[in-house]
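Worksheet: the structure to be examined is printed underneath.
The values are calculated or read from the model by the stated rules, or taken from the named source; none is laboratory data. On a predicted model such as this, the values are computed, not experimentally measured, just so you know. Cβ sites come from the backbone with ideal geometry, for glycine too, and all protein chains shown count toward neighbours.
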Amino acid sequence: MVIQWFPGHMAKAKRQAIENRNMVDIVLELVDARIPISSRNPLMDEIVGGKPRLIILNKADLADSNMTNDWLEYFNHPEHNQKAIAVNAFNQSDIKRTKNIIKEMMIEKMAAREARGIKPRAIRLMVLGIPNVGKSTFINQIIKRNRAKTANKPGVTQHQQWLKIENDFELLDTPGILWHKFEDQAIGMKLALTGAIKDTLFHKDDIALYALELWTNRYPGRLKQVYRLDESLGKESYPDMLMALTEQLNFGDEYDRASEKLIFDIRDGKLGTFTLDEVPENTNSQ
Ligand code: GDP
């Protein structure tokens with residue numbers, strides 16, 4: 001399995017994220033709603049520590065909405081007690097809802113501060129997540145139109161600044177980036193299919209075969225609708241199905257080209273919304 005990060009880099013990123021965490025009230029952990037577990041670094045829990053955290057299932061517009069609801073139920077279950085919401089970072093009403101939830105999460109802490117006679121202040125936030133989950137987009141959208149002067153407070157890294165959002169929030173402008181870590185090939189495939197890791201880490205046809213199998217079984221009818229592909233071929237062999245797709249696309253014997261098209265179409269949502277991580281069966285025992 002290809003390793004895409006070096007232990008030294010990871011240690012530094014982790015150290016920095018922990019330093020930043022200590023300066024904020026709430027950590028906003030962004031994950032990809034299509035792979036809510038595969039897009040989380042296992043170190044995340046350690047980094048977040050006891051700090052209040054809001055898990056944001058971003059790109060919910062691209063995910064299977066029924067499964068997103070199941071995931072929200074899973075995270076918000078008392079057993080897991082991890083507050084989670086689903087958003088489309090480009091949707092301003094989702095951004096507004098996120099802000100309201102953050103305020104709700106802080107009500108008690110702020111009231112306690114006030115009771116001790118401490119002056120009210122903005123809620124300090126940081127965004128954390130693996131690459132490509134939409135951290136920059138989310139930050140840009142949350143400060144949109146409300147971007148005031150950046151607060152004059154030193155951040156941990158030299159160039160880091162606090163972005164003021166209305167009078168309510170201060171957000172560290174640089175998100176914490178943690179790489180995905182996977183030993184499991186299936187997680188790698190999911191990251192590749194959603195665009196979270198470079199295409200070059202896997203053979204395109206392997207990803208395409210994985211996708212053909214998934215869509216045939218999980219989302220029947222879509223391959224037929226989009227490519228006029230005979231889905232019963234999958235019952236025989238997925239490589240045969242890939243050959244049929246290549247033919248259907250008039251790509252001769254360029255299987256890689258057909259694989260790439262399939263992967264890009266999936267990422268663009270042309271084969272519909274989808275979620276690749278399944279909620280564990282018995283929520284209570286997790
Ligand atoms: P980062 O690496 O975590 O900072 O991710 P980016 O903010 O660069 O986003 C990665 C890609 O996902 C970009 O092409 C964004 O336009 C796209 N993206 C981010 N958030 C959303 C979302 O909620 N919905 C959709 N459809 N695309 C999104």
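One table, with the values for the structure above:
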item: Answer from Phe251, Phe169, Phe202 - the residue that is of a type in the set (A, V, I, L, M, F, W, C) and free of Cβ contacts under 8 Å to residues at least 12 places away in the same chain; result: Phe251
item: Meets criteria (on the phi > 0 side of the Ramachandran plot and of a type in the set (Lys, Arg)) for Arg228; result: yes
item: Where a residue in the range 211-233 is in contact (Cβ under 8 Å) with a residue 60 or more places away in the chain and its partner, wherever it lies, is of a type in the set (Phe, Trp, Tyr) and buried (at least 17 other Cβ atoms within 10 Å of the Cβ), with Cβ under 9 Å and at least six apart; result: Leu214/Phe274
item: Number of the exception - Ser39 against (1) out of contact with any Leu (no Cβ under 9 Å at 6 or more places or on another chain); (2) assigned to a loop (DSSP other than H, G, I, E, B); result: (1)
item: Within the range 115-131, considering residues that are within 12 Å of Gly176 (Cα to Cα) and modelled with pLDDT under 90, the one farthest from the ligand (Cβ to nearest atom); result: Ile130
item: Tally of residues being in a helix (DSSP H, G or I), surrounded by fewer than 24 Cβ atoms within 10 Å (Cβ to Cβ) and modelled with pLDDT of 95 or more across the range 47-61; result: 1
item: Within the range 68-120, tally of residues that are closer than 23 Å to Asn167 by Cα and of a type in the set (Phe, Trp, Tyr); result: 1
item: Looking only at the range 225-236, and only at residues there that are farther than 18 Å from Asn250 by Cβ and part of a helix (DSSP H, G or I), the one that is modelled with the highest pLDDT; result: Gln225
item: Test: residue in the range 134-150 that is assigned to a strand (DSSP E or B), more than 12 Å from the ligand (Cβ to nearest atom) and modelled with pLDDT of 90 or more; result: no
item: Residue within the range 62-76 that is in a loop (DSSP other than H, G, I, E, B) and surrounded by 12 or more Cβ atoms within 10 Å (Cβ to Cβ) present; result: yes
